[in-house]
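What follows is a set of notes on a single structure, which appears directly below.
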Amino acid sequence: MELYLDMHSPPCRLVFLFAKAVGIPFEFKHVELSTGQHYSEEFGKISMIRKVPVMKDGSFILTESIAILKYMVQKYSSSVADHWYPADLQQRARVNEYLSWQHMNIRAHASKVFLLRAVFPVIMGSEVPKEKMDAAVEDLNQSLNLLEEKFLENKQFIVGDKISLADIVALIEVMQPLGTGLNVFEGRPKLSAWRERVKKELGEKLFDEAHEVIMKVGSLPEKMQNNSQLEMLRPKFQKLFR
């Protein structure tokens, strides 16, 4: 199995962390987003979507991180513990509920904050307008409130007393703004305690390894300065953040 990844990307860290945590063997194929490697002819032969992560298992190619996670769980069902994606109908439904909700909430808002704080100034050549930044952070805070109040409640993990795919998906996305210096855990003891439990279950050393790149995101602008794809990205940013 080959995994095409860039560890700046939360979905890539998600697939990497899960595979490592449960012992699924794979070959790491680095695709450097900051230099536009995903637009190369070579990568286009792997995926016409030109996004990461991508999984290649023999001749079978799969995109989308959640689909890849579920594929791994089912392919390695004999060695992946049930709590990751429970066989119980209602517990699995709770995992799926979070996985369905997060795309347009935690993921969308955490990614937007990251892009505005770390990438926007490089692409657009100017600072983010304060009102746009404030609105993005407010949207993220509202999603974090729902994560705490609706999904975590007073439980150890999102589905109960054991970690599941929902927890790893959630934490990976919540960590993204942290790399830009925005401490989303400040003033949130419930969220902070949950983060420590998830890290412990995954293995703190492995978790830190997966996040080493994003915690050094300050070096990203330098890499992007010489990116020939900047001109192509600028209209996309103007459309996204106008």
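The values are calculated or read from the model by the stated rules, or taken from the named source; none is laboratory data. What you see is a predicted model, and the numbers here were worked out from it, not measured in a lab. Cβ atoms come from the backbone with ideal geometry, glycine included; neighbour counts cover every protein chain shown. Accessible surface areas use protein heavy atoms only, side chains included; no ligands, DNA or RNA. Shrake-Rupley method; radii C 1.70, N 1.55, O 1.52, S 1.80 Å.
Data for the structure
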quantity	calculated
Number of positions in the stretch 21-66 that are aromatic (F, W, Y) and farther than 28 Å from M104 by Cβ	3
Selected residue [free of Cβ contacts under 8 Å to residues at least 24 places away in the same chain, within 19 Å of G181 (Cα to Cα) and part of a helix (DSSP H, G or I)] from E127, E131	E131
Every residue from the stretch 29-39 that is part of a loop (DSSP other than H, G, I, E, B) and surrounded by fewer than 16 Cβ atoms within 10 Å (Cβ to Cβ)	E32
In the stretch 40-72, residue nearest to Y4 (Cα to Cα) [restricted to those that are among the β-branched types (V, I, T) and not in a strand (DSSP E or B)]	V52
Criterion (assigned to a helix (DSSP H, G or I), of a type in the set (F, W, Y) and either farther than 27 Å from L69 by Cβ or touching a Lys or Arg at 6+ places or on another chain (Cβ under 9 Å) (or both)) met by exactly one of F120, F114	F120
Residue selected from the stretch 152-179 under the condition open to solvent by less than 30 Å² (accessible area, probe 1.4 Å) and polar (S, T, N, Q), by the criterion farthest from V22 (Cα to Cα)	Q176
Residue count for the stretch 187-205, restricted to those that are among the hydrophobic types (A, V, I, L, M, F, W, C) and open to solvent by 30 Å² or more (accessible area, probe 1.4 Å)	1
Of all residues in the stretch 76-107 being touching a residue at least 12 places away in the same chain (Cβ under 8 Å) and of a type in the set (G, A, S), the one that is farthest from L165 (Cα to Cα)	S79
Members of the stretch 43-60 that are open to solvent by 40 Å² or more (accessible area, probe 1.4 Å) and closer than 17 Å to I24 by Cβ	K56, G58, F60
Every pair of residues 6+ apart whose Cβ atoms lie under 8 Å, when the first sits in the stretch 149-175 and is assigned to a strand (DSSP E or B) while the second is among the aromatic types (F, W, Y)	F157/W194
